[in-house]
Amino acid sequence: FLMGFLLSGVMSDYKESEKIPGEMAAALSAIYVECAGVLDYKKDEAARNGMVLLQSLAEDMHRWFYRKVRTKELLSSIRNLNNVFFQMENALPPPLIARLKNEMTNLVRLVIRTDAIRDTSFTSSGYLIAGSVTLRNTVNGRANRSPPASSMLRFKPASRARTITTTYGMFQAVCAMR
């Protein structure tokens with residue numbers, strides 16, 4: 001039951017983490033396309049600044065995925081888009097500005113979610129749970145054995161002690177990996 005619960009949580013985070021980079025790219029692209037449109041039709045210099053900022057933001061995001069940029073720095077870069085949006089307010093209608101700010105908020109949300117998934121270690125907790133369940137089952141005599149082996153071990157305490165010692169050693173090795 002516990003392993004199923006653990007695996008279901010890991011699988012949902014894994015599936016979500018596959019989608020997140022695409023969603024980030026789509027949000028950056030949407031903002032970039034709007035800035036390019038404003039630059040083409042309105043000749044607004046703030047749009048050019050926004051496009052330059054988006055290019056550096058995309059590079060920062062790429063480096064952030066490889067842990068070369070801290071999350072705080074990346075979030076600060078994303079929030080700098082707000083200054084560009086304020087400068088473009090005269091060139092764009094309010095609903096479009098709201099859409100751009102919404103995309104910026106989505107980027108912030110996705111970065112925070114990715115950071116949470118990235119910093120969560122599921123493997124070591126999975127090994128710890130598996131090792132502790134195995135140890136508990138072995139100590140309590142609930143380990144899955146064939147009936148002949150089970151009845152033989154009942155009458156050979158030294159053999160059962162070896163099984164428990166080996167399981168405990170495996171458990172210690174798993175804990176040391178953490």
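The values are calculated or read from the model by the stated rules, or taken from the named source; none is laboratory data. Bear in mind the structure is a predicted one, so any value in this text is a computation, not a measurement. Here the Cβ positions follow ideal geometry from the backbone for every residue, glycine too, while neighbour counts run over all protein chains shown. Side chains included, ligands, DNA and RNA excluded: accessible areas come from the protein's heavy atoms. Shrake-Rupley method; radii C 1.70, N 1.55, O 1.52, S 1.80 Å.
Structure notes:
- When Ser17, Ser56, Ser8 are checked against the criterion of being at pLDDT 85 or above and open to solvent by 40 Å² or more (accessible area, probe 1.4 Å), a single residue qualifies: Ser56.
- Condition check for Glu34: crowded, with 20+ Cβ neighbours inside 10 Å and among the acidic types (Asp, Glu): yes
- Filter pass, Glu34 being among the acidic types (Asp, Glu), within 17 Å of Thr105 (Cα to Cα) and at pLDDT below 90: yes
- Hits in the stretch 22-53 - residues which are of a type in the set (D, E, K, R) and in a helix (DSSP H, G or I): Glu23, Glu34, Asp40, Lys42, Glu45, Arg48
- Residue in the stretch 90-105 that is open to solvent by 60 Å² or more (accessible area, probe 1.4 Å) and at pLDDT below 85 present: yes
- Residue count for the stretch 59-86, restricted to those that are of a type outside the set (Ser, Thr, Tyr) and under 19 Å from Pro21 (Cβ atoms): 16
- Qualifying residue in the stretch 76-96 (condition: in a helix (DSSP H, G or I), in contact (Cβ under 8 Å) with a residue 60 or more places away in the chain and over 16 Å from the mean Cα position of the chain (by Cα)): yes
- Every pair of residues 6+ apart whose Cβ atoms lie under 8 Å, when the first sits in the stretch 56-68 and is under 17 Å from Ile117 (Cα atoms) while the second is open to solvent by 80 Å² or more (accessible area, probe 1.4 Å) and assigned to a loop (DSSP other than H, G, I, E, B): Trp64/Arg70
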